[in-house]
Amino acid sequence: MKILLVRPPRIKQSITLSDFMFSEPIGLEMIYGVLEKNHDVEIFDMMIENISLSKKTIEYKPDVVGITSLCIDVNKVIELCSEVKSTYNNIITIVGGTQAFLNPNSFFHESVDHIFEYSNLKNLSEFFSLISSGKIQMVNGIRTREFNYESTGVRGYNQYLFPNRKSTLKYRHEYSYFGYRPAAIMEFGTGCEKVCNFCLRWRIEGAKEKLIDLELTKKDMASIDESTIMFMDNDFFANEEKIKLFINIVKELNLNKNYIMYASVKGIIEFEKHLEELKSLGLKALLVGYETFNEEEMSKYHKKSTTDDNLKAANILKNLKIDVWASFIAHPDWSKKDFKLFRKYIKKLKPQITSISPLTPFPNLPMYREYEHRLLYKADDYEKWSFGQVIIKPSQIRLNQYYYELLKTNLYVNLFINKNTDMIKKYGIKNIIKILIGSINAAKKYIILMIKN
């Protein structure tokens, strides 16, 4: 069979971090790695390509088109499936990705033949073996239109499979992470036991941390040509065993690369003794969720650290000269005074890069029910759920004032806090210009929203 795996294009009106973090479609690369043994497979990255899916379909003539998805992609993905069906009605359409796992019912549509809630070696092999022989039956993790999208009831998670990165060879020069370009991404371990109540990752991967098979990990790390690897583990500093294993693998493979990781404040403090060695092996930056300046909010978010811990971790990383890419959550109950206190707190932390996202209570999560009466958009206004747009009605100030405070805070951070001169030295002027353009685009969108509201 001929199979076309598709990443949909960016949603232009959404506010996301895609201008700063543009990573490879690793989920599609994993599926490619499984299917290429028995099928003709190609990846079509519409975040980079200029031609339409219908034109690509006519050129490639696939038997199957599989499309990955995030929440903001629902309308576009259905539109793409309809486009495929209108081009050749007999093409089998499949939808997968994060949104298919969290809310598969959003893809119950006549143009979508199958929905992969999760994928693993077993259900991928079984499903494609069946459709290759013209058979259709219910498979664990897959909902089929012919069976009214019923589930077998067997729950599961996506399995980390060896990704064939050659499948995106023509796109790889575009993939980057905050100025490190080109950059690859991979995972060392899945799940997260910290279970912060705003986070989707542990719900997608499970609340128990598990290391990926070490032989697969070694093979994966050794196969990466890029000079930078971004580890997408929710918390690379989850435990000491994990850190020590990583150090041993880098030494064993004699790798000379840049490494970027997500790290919890608690892990930074607890495993400070390993940071110097990690830096000597290539650790360049840590993405740290400081979240807020407010202790009560830290508790409500179920964070395992305090605002004082944030400052302690920031000082540890500053002394070691390890870059910090900090993320924060803007709470809908903030007043103008809170935004001012927040800016002062960021100044104390002094991260190299800062991202601020309004609190987003995704549908089907407990936080959604807590704020349902204050939501500005319906659950099926998919393109609004991008981590950048205000979803919950502010309680202390008007919505346009809230957007103004967000805009002012982002400008303050980018002009006075972020270390732009250091970034130019490290990443080069071209990458800095790209990041600045991303910041300007985000600011423009905030201005438009501020005026509209």
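Every read-out reported here was derived from the displayed coordinates using simple, explicitly stated rules and does not represent laboratory data. Values in this document were obtained by computation on a predicted structure and should not be read as measured data. Positions of Cβ are backbone-derived with ideal geometry, glycine not excepted, and every protein chain shown enters the neighbour counts.
A few remarks follow.
- Going from the residue with the fewest nearby Cβ atoms within 10 Å to the one with the most, 354, 87 rank 87, 354.
- Set of the range 334-377 residues, backbone N closer than 17 Å to the point 7 Å along the Cα-Cβ line of residue 308: 349
- FRET E, pair residue 364, residue 208, Förster distance 25 Å, beta-carbon r, rounded to 0.05: 0.75
- P(r) histogram, all alpha-carbon pairs of the chain included - 10 Å bins from 0, percent: 4, 20, 30, 28, 15, 3, 0
- Taking other Cβ atoms within 10 Å as a rough exposure proxy, 63, 220, 73, 225 sort from fewest to most as 225, 63, 220, 73.
- The Rg/Rh ratio for the range 68-203 is 0.99, where Rg is the radius of gyration of the alpha carbons and Rh is the Kirkwood radius.
- Positive dipole terminus of the chain, leading residue within 51, 128, 189 (C-beta point charges): 51
- Shape box of the range 2-147 [Cα atoms, principal axes, largest first, Å]: 42, 33, 29
- For the residue pairs 76/135; 304/408; 266/408; 257/321; 85/122; 321/348, the alpha carbons lie more than 21 Å apart in 76/135; 304/408; 266/408; 85/122.
- Residue 227 paired with residue 248, simple spin-label distance in nm, labels 7 Å along Cα-to-beta-carbon: 3.0
- Using Cβ point charges alone (K and R +1, D and E -1), the dipole size of the chain about the Cα centre works out to roughly 1640 debye.
- Charge sum, other residues only, whose C-beta stays under 12 Å from residue 317's C-beta, Lys/Arg counted +1 and Asp/Glu -1: +3
- With θ taken as phi - 60° and the Karplus curve 6.51 cos²θ - 1.76 cosθ + 1.60 applied, the whole-hertz 3J(HN,Hα) list for the range 24-36 is 5, x, 5, x, 5, 5, 5, 5, 4, x, 7, 7, 4 Hz, x standing for glycine and proline.
- Exposure proxy order (Cβ contacts within 10 Å, fewest to most) of 251, 284: 251, 284
- Helix-only CD estimate at 222 nm, as mean residue ellipticity for the chain, using -39500 (n - 2.57) per DSSP H run (n ≥ 4): -11500 deg cm²/dmol
- Cβ-derived FRET efficiency at R0 41 Å, residue 240 paired with residue 416, nearest 0.05: 0.65
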